[in-house]
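*Asks:* One structure, as structure tokens, below. Some questions next.
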Amino acid sequence: MVTRPNYDETTNYLYFWSGLVIKEARKHGVDIYDLIGKKATKKNFDSYLKSQKPDILFLNGHGDEKTITGHDSEPILESGEKEPVNKAIIYARSCDAASVLGKKLIVDGARVFIGYLRKFIFGYTLSKMTRPLEDSLAKLFLEPSNLVVTTIIKGHSAQVAHEHSKKVMLENFKKMISTMATYEEKYAARWLWGNINSQVLYGEKSAMV
Amino acid sequence: MTTINGYQDLNKNQKEELKKIALARAQVMPKNLNVSIGSETINKSELIRHINKEDRIGENLMLIELEFLRALASGAIYRNE
């Protein structure tokens, strides 16, 4: 199951870039439930979670230590609730959620939580705002984060996916601080370093689907 | 990798020095660049405002600046092969 609301600049970028994961998943014959735009509500999320028990939850949206949100910042997962996460592997491309909520979701029954201890950050190019997939700067941040899910879909473990994603982030980071990088890339490199330091995995490292 | 748990871990002098560095770096942020952090999308002038206010976003961005500079200085970036 994928949540990808689209109501501001940040969610618009995540919406388009998570679309590439969906395409890849479909190529591998994976059934997708896509909570797209306004469909990313708590009601739809809970309904599908309980009825279909998805193996992977790929969550894109704003968040904080205790919450991950859907459309219009409606909370869809909260640390104060017992969430029916059904042994899912969860990747939350959302701010801060690893620090409290991620650990709580493991207690609630998720097999894995991959997310960020601090803010998930990405740089983007103003002139590409209306065409996020053409934004080569945003690509340096969002393509390696997509790898968390696409690597799992290809049959690898959660730990391999987490490490592969961080490895590619690091490769991008090194390109960004090299003499070949543009000024924008060099400047944005510090933010990617923040994501590398902040991405963590909790739960069953060997979990696969 | 060098990780600082929080802005509150720094003493007053460290915070002042970090703020100066972060503001100086923010002044040279390219105009065609924005950053998405939390629920905000920030341009150069907003970045400066958050750092000046030392609000949650400003603290986060200053800590990232500090970790980045420490990693560059220590060579940690090149050890993460």
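Laboratory data are not the source of any read-out in this text; all were calculated from the coordinates shown. All values reported here derive from a predicted model rather than from experimental measurement. All Cβ positions, even for glycine, are placed from backbone atoms using ideal geometry, and neighbour counts span all protein chains on display.
*Asks:* Once Lys and Arg get +1 and Asp and Glu get -1 on their Cβ, which of B:Ala76, B:Gly6, B:Pro30 lies farthest toward the positive end of the dipole of chain B?
*Replies:* B:Pro30
*Asks:* Hand me the GluC sites (Glu not before Pro) from the range A:1-96 located in a DSSP loop with no more than 14 other Cβ atoms within 10 Å, in residue order please.
*Replies:* Answer by residue number: A:Glu81.
*Asks:* Sticking with this one: Would you mind pulling out the separation of the Cα centroids of the range A:149-209 and the range B:21-76, in Å?
*Replies:* Rounded to whole Å, the Cα centres lie 20 Å apart.
*Asks:* Just want the answer: with Cβ charges of +1 for Lys and Arg and -1 for Asp and Glu, which residue in A:Pro132, A:Ala98, A:Gln159 is farthest toward the dipole's positive end in the protein assembly as shown?
*Replies:* Going by the Cα projections, it comes out as A:Gln159.
*Asks:* How do the peptides B:63-70, A:185-192 rank, highest first, by the average count of neighbouring beta carbon atoms within 10 Å per residue?
*Replies:* The densest-packed peptide leads the list: A:185-192, B:63-70.
*Asks:* Sorted from fewest to most neighbouring beta carbons within 10 Å, what does the list A:Lys166, A:Lys53 look like?
*Replies:* Ranking A:Lys166, A:Lys53 by Cβ neighbours within 10 Å, fewest first, gives A:Lys53, A:Lys166.
*Asks:* Among A:Ser136, A:Ser145, what is the fewest-to-most ranking by other Cβ atoms within 10 Å?
*Replies:* Details: A:Ser136 11, A:Ser145 25.
Going from sparsest to densest Cβ surroundings: A:Ser136, A:Ser145.
*Asks:* Sticking with this one: Mind checking A:116-128 for the average number of partner chain beta-carbons within 10 Å of each residue's beta-carbon?
*Replies:* Mean number of neighbouring Cβ atoms from other chains: 5.
*Asks:* Relative contact order for chain B: what is it in percent, counting Cα pairs under 8 Å that are at least 6 residues apart?
*Replies:* On the way: 58 pairs, mean separation 29.9, N = 81.
Relative contact order of chain B: 37 percent.
*Asks:* Still on this structure, please answer the following. Counting only other chains, and only Cβ atoms inside 10 Å, what mean value do you get across the residues of A:193-206?
*Replies:* Numbers: counts 12, 8, 1, 5, 10, 5, 0, 0, 0, 0, 0, 0, 0, 0.
Average neighbour count from other chains, rounded to a whole number: 3.
*Asks:* Assuming 1.567 mPa s and 4 °C, estimate D for chain B with Stokes-Einstein, Rh taken as the Kirkwood radius over Cα pairs, in µm²/s.
*Replies:* 97 µm²/s
*Asks:* If you rank B:Arg49, A:Arg4 by fewest surrounding Cβ atoms within 10 Å, what's the result?
*Replies:* Going from sparsest to densest Cβ surroundings: B:Arg49, A:Arg4.
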